[in-house]
Amino acid sequence: RTAVIAALVFFNYGYVVRNVGTMWCRLDPRAVEAARTLGASAWRAWRTVTLPSLLPAVASAAATVFLLCATAYGVVLVLGGTGAGTIETEIYQLTARYLDLRAAAVLSVVQLVVIAAALWVGERARRARQAHLALRTDVPATPLRAADAPALAVTALTICGLLVMPMAVLVIRSLRRAGHWTLANYTDLSTTGGDNALLVSVWEAAGNSLRVAVAATVIALAVGVAVCLVLSRNPRSRLLVRGVALFEAVFMLPLGVSAVTVGFGFLITLAPTGLTRSWWILPLAQAVVAVPLVVRTLLPGMRAIDPRQREVAATLGAGPGRVLAGVDGPHLLRAGGLAAGFALATSLGEFGATSFLARPQGPTLPVVVYRLVGSPGAQNQGMGLAAGVVLAVGAAALMLACERLQTRHQRRGRLILRAEVG
């Protein structure tokens, strides 16, 4: 269980940092400056001004991470063994090993009920903390100070102990076979058959994963942006308020329901129609898994926009499209790169739903990694480690690319703003 918990922290640490950090760097610093001018210490200004403004983002990230950890599948399957089974691994075992679809369906329904209750509690807590904030897209970065040393030390220890060390061990182990340093684990990635357990090469599986991830991300972003535009509005009618809350719960449900349940639902629903043999079944299933993450990434910033900004723009003659582009657009673009990165990384590494739906002749990279690691033989084990490094590097490269595009857009916006001011 300790290994499972450490791995879950490894996977979700970055999500919390980026989600809360994106909101933090957009807060108007003038409120803190005013508090300091009135005599508040740095700690008191942070506790009374910054922290209350960040609580909606913190609560959203905490709820998301809790649901992701509660429905973790791949980590528990690989690290948990027989002593740390969860409802997700039981659904997979009942379906894939024992073909007991009725018992698997019962467990899926139980999980739906529990997660629906958790989402309801989280929504009530969010409403209690929700507030409209003065957000900006041109806030300059704050220079580091001596007072930041404790936070830097904790961050460095966390990154080295839980993030860098596991990846370093993975890379080192991938360069060894039978007690010798070698690149054979990587050169064998292009081979199939023989002593390894693959029907297609690892590079073919990686290409298939990338195509599926891009298609799933496009679908997830299109759906997620549309959903956020609806959920970020504040209807005046009680009936519409309840309708919006129900609409949000429907789209948040896949976040709390494991990918195993999503894949199982796709399998039993679409198998009679033959659609499970279509290539598009994987992007659709992965988009279902990624949409809640996109919504959770974009929605806190959208809800924090003061609706009076839209009202003022409309009063000045701006049409709905102009209001959307001028008021909501900059905030969507600011968090859009982060949402795209999370969707790409999630889709690229998705294993739960894919393990049900991937065809033997078209597996994704996570399925190949699990197949290799679970097969006997030094060659299979070494190739599994090397394929894991390829998967990690690919996911990191996609996240960095999205982050770079987002940063470039932010810098361009600042240059345009300076030019207009000049």
HN-Hα J couplings of segment 387-402 from phi, Karplus 6.51/-1.76/1.60, θ = phi - 60°, integer Hz, Gly and Pro as x?
5, x, 5, 4, 5, 5, 5, x, 5, 5, 5, 5, 5, 5, 5, 5
Angle in degrees between helix 238-256 and the longest Cα principal axis of the chain, rounded to the nearest 10:
30
Just to be sure I understand, if you calculate mean projected area of the Cα convex hull in nm² for this structure, which of (1) 18.7; (2) 27.8; (3) 24.8 do you get?
(3)
Per the helix-only model, the chain has a calculated mean residue ellipticity at 222 nm (DSSP H runs of ≥4, -39500 (n - 2.57) each, divided over all residues, rounded to the nearest 500) of -22500 deg cm²/dmol
Phi angles of segment 359-370, converted by Karplus (6.51 cos²θ - 1.76 cosθ + 1.60, θ = phi - 60°) into ³J(HN,Hα) in whole Hz with x for Gly and Pro, give 7, x, 8, x, x, 9, 5, x, 5, 5, 4, 5
Residues residue 306 and residue 116, FRET efficiency given R0 of 35 Å [Cβ-Cβ distance, rounded to 0.05]:
0.65
The relative contact order of the chain, taking Cα pairs under 8 Å that sit 6 or more residues apart, comes to a percentage of 22
Can you bin segment 201-254 into rounded, prolate or oblate? Criterion: square roots of the alpha carbon gyration tensor eigenvalues sorted a ≥ b ≥ c, rounded for a/c under 1.5, prolate for a/b above b/c, oblate for the rest.
prolate
Toy charge model, Lys and Arg Cβ at +1, Asp and Glu Cβ at -1: the chain dipole around Cα centroid in debye, rounded to 20, equals 1180
Mind giving me the nanometre distance, one decimal, between the label points for residue 233 and residue 109, set 7 Å out from Cα along Cα→Cβ?
3.6
Distance in nm between label sites at residue 200 and residue 66, each 7 Å beyond Cα in the beta-carbon direction?
3.9
Which one, 32, 95, 20, is farthest towards the positive end of the dipole of segment 11-113 when Lys and Arg carry +1 and Asp and Glu -1 on their Cβ?
32
Calculate how steeply helix 165-174 sits against the longest principal axis of the alpha-carbon atoms of the chain, using the helix alpha-carbon long axis, and give the answer as 0 to 90 degrees to the nearest 10.
30
Which net charge results for the neighbourhood of residue 236, defined as the other residues with beta-carbon distances under 14 angstrom from its beta-carbon, given Lys and Arg at +1 and Asp and Glu at -1?
+2
Evaluate the charge dipole of segment 248-375 about its Cα centre and quote only its size in Debye, nearest 20, assuming +1 on the Cβ of each Lys and Arg and -1 on the Cβ of each Asp and Glu.
160
Long-range amide H contacts for residue 177: which residues qualify at under 5 Å (H placed 1.01 Å from N, peptide plane, sequence gap of 5 or more or a different chain)?
182
Taking amide hydrogens as modeled 1.01 Å from N in the peptide plane, which residues meet the under 5 Å criterion relative to residue 191, leaving out close sequence neighbours?
202
Among 242, 173, 334, determine the one that fluctuates most according to a GNM of the chain built with springs between C-alpha atoms less than 10 Å apart.
242
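Each reported figure results from applying straightforward, stated rules to the coordinates on display, with no laboratory input. All values derive from a computational prediction rather than experimental measurement. Quick reminder, even Gly has a Cβ in these numbers, built from the backbone with ideal geometry, and neighbours come from all protein chains shown.
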